[in-house]
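Asker: Below is a structure I'd like to ask you about.
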Amino acid sequence: MSMRTILYFILFLAISSLSHAQIYTIDSYGPTDERYEALLEPNSTISQNDLLNEQILDLVDPSLADSVFSRKKQHHKVGPFGWFIHFFGGLNWRATSMNKEKIVGTVAGYSRSGKELFTEYDIIYDLIFHMPRYQKLMFKQYDAQLEIRRQDKLKKERINYDAPPFVRDTNNIDLDLYKLHCEVTPHEDYLHNLHYVLFPTLPDGTGLKDHPNFMNSHPSVGMFGVLCLDCNHDCHPEMHPYEWMWWLKCTDDDQSFNKEWHIGLFLEGSNRMKKWSTNPRTGAVNIPFAFRIDENAVIEIEHGLHGEFVQDSTFLLPENTFNASAENRMIQIQGNGVEKSIEIRTCNPIENSTIQYWLSDLNYDEANQVISGNLFMFVSVMDVYTVTVRFINE
């Protein structure tokens, strides 16, 4: 076979591949949003700036089919005793909003249960917030605690409700005083494997800095779930449970430009909050990206743990979605004479899943030759779903 024949054959394969590519049209033409532009920086730059990291994570806007709920209070389910202390003692969790909320902060503390207590095995993050919108949200949560003024009878130290964080000078805020306690008990069937696939769950001493998905003791993370007051103690603010969780893996010494996102969707696995967290886990999430027009672009998707997939018709999806069944596929972005190909690699394709993907919010910055936008993902699944998504410039 001559060299000319080989070249024609390669050209034919390339044209054939593009002719079957999923096509998305550019939505806007203008300067790249600085938060998307930051995704073109080395990971160390993001890791060293908590505010910037949080601003990037805030581009993610998850949703759930049960994002609106009607039961304001939930309580421990320990036979009649749980109902008794709830009804007569007011020991319960009290929602401060009847809509599930998004928060984005930086981990100030992390812990997990040493063993299961009744049906509870909590994975706990304490977050502080550098973005004003979330600081103001925390002010409201602590004001709600102030209205109740409950003391935890199990603690010797008394809360002074006439001092910060309940009395504040908004020009001089100590972020550590406005932590949010975030908890979830993942479904027990997946608790062990989550330790290796997503985040530390086992009582083996593994910290966030030791875990390959973090390598950082104080990462920034996003969460979506129920904001409430834990009135089993002193009515302190919590997100309980958090049901979506996401973060961008980055460390201070990571000079690479590829971006690795970790995402988890959970059912509250204990029996405490059955009216707040329901199966199936049906929802959508977006992941922001930015590619330079002259670089090869790859989106690599690696599924982690998942329960049984469930068909759902409650979410209205766009027409140009694609599923998780193909190992490789091409995406074509075009508009006003601009064309950009993105290869989608699925490390472990899943047949007959309910997962659907699509691209949206596509912007072309002609001055800087940058395409930015969002990869959306829809899933309907029982109990749990985790995924790693990598944006690779090759």
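Asker: Is at least one residue of segment 288-308 among the aromatic types (F, W, Y), more than 13 Å from L375 (Cα to Cα) and touching a Ser or Thr at 6+ places or on another chain (Cβ under 9 Å)?
Answerer: no
Asker: Looking at segment 177-188, which of the residues that are more than 18 Å from the chain's Cα centre (by Cα) and at pLDDT 95 or above is surrounded by the fewest Cβ atoms within 10 Å (Cβ to Cβ)?
Answerer: L177
Asker: Something else: Could you identify the single residue in F289, F257, F266 that is buried (at least 21 other Cβ atoms within 10 Å of the Cβ) and over 20 Å from L180 (Cβ atoms)?
Answerer: Details: F257 fails: buried (at least 21 other Cβ atoms within 10 Å of the Cβ); F266 fails: over 20 Å from L180 (Cβ atoms).
Only one candidate passes the filter, namely F289.
A quick yes/no check of all residues on (1) farther than 19 Å from W247 by Cβ; (2) not charged (D, E, K, R):
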residue: G114; (1), (2): yes, yes
residue: M131; (1), (2): no, yes
residue: Q135; (1), (2): yes, yes
residue: D143; (1), (2): yes, no
residue: R149; (1), (2): yes, no
residue: D152; (1), (2): yes, no
residue: P165; (1), (2): yes, yes
residue: C182; (1), (2): no, yes
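A quick yes/no check of all residues on (1) under 19 Å from the mean Cα position of the chain (by Cα); (2) free of Cβ contacts under 8 Å to residues at least 24 places away in the same chain; (3) not in a strand (DSSP E or B):
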{"position": "I344", "(1), (2), (3)": "no, no, no"}
{"position": "S353", "(1), (2), (3)": "no, no, yes"}
{"position": "N368", "(1), (2), (3)": "no, no, yes"}
{"position": "N374", "(1), (2), (3)": "yes, no, no"}
{"position": "F378", "(1), (2), (3)": "yes, no, no"}
{"position": "Y385", "(1), (2), (3)": "yes, no, no"}
{"position": "I392", "(1), (2), (3)": "no, no, no"}
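Asker: Identify, by number, the condition in (1) within 27 Å of Y242 (Cβ to Cβ); (2) of a type in the set (F, W, Y); (3) in contact (Cβ under 8 Å) with a residue 60 or more places away in the chain; (4) not in a loop (DSSP other than H, G, I, E, B) that Y364 doesn't meet.
Answerer: In the conditions (1) within 27 Å of Y242 (Cβ to Cβ); (2) of a type in the set (F, W, Y); (3) in contact (Cβ under 8 Å) with a residue 60 or more places away in the chain; (4) not in a loop (DSSP other than H, G, I, E, B), Y364 misses (1) alone.
Asker: Now a separate question. Any chance you could count how many residues in segment 308-322 are in contact (Cβ under 8 Å) with a residue 12 or more places away in the chain and either in contact with a Leu (Cβ under 8 Å, 6 or more places away or on another chain) or of a type in the set (S, T, Y) (or both)?
Answerer: 2
Asker: Restricting to segment 255-269, what's the tally of residues that are under 24 Å from V285 (Cα atoms) and either without any contact (Cβ under 8 Å) to a residue 24 or more places away in the chain or in a loop (DSSP other than H, G, I, E, B) (or both)?
Answerer: 5
Asker: Restrict the check to segment 301-322 and report whether at least one residue is assigned to a strand (DSSP E or B), surrounded by fewer than 17 Cβ atoms within 10 Å (Cβ to Cβ) and not small (G, A, S).
Answerer: Checking segment 301-322: at least one residue is assigned to a strand (DSSP E or B), surrounded by fewer than 17 Cβ atoms within 10 Å (Cβ to Cβ) and not small (G, A, S).
Asker: Pairs only if they're at least six apart or on different chains, beta carbon under 8 angstrom, first in segment 221-237 and charged (D, E, K, R), second surrounded by fewer than 20 Cβ atoms within 10 Å (Cβ to Cβ) and in a strand (DSSP E or B); list them, first residue then second.
Answerer: From residues that are charged (D, E, K, R), the pairs are D230/H181; D230/H236.
The values are calculated or read from the model by the stated rules, or taken from the named source; none is laboratory data. What you are looking at is a predicted structure, and each value in this text was computed from that prediction instead of being measured. Counting neighbours? That spans all protein chains shown, and the Cβs are built from the backbone with ideal geometry, glycine included.
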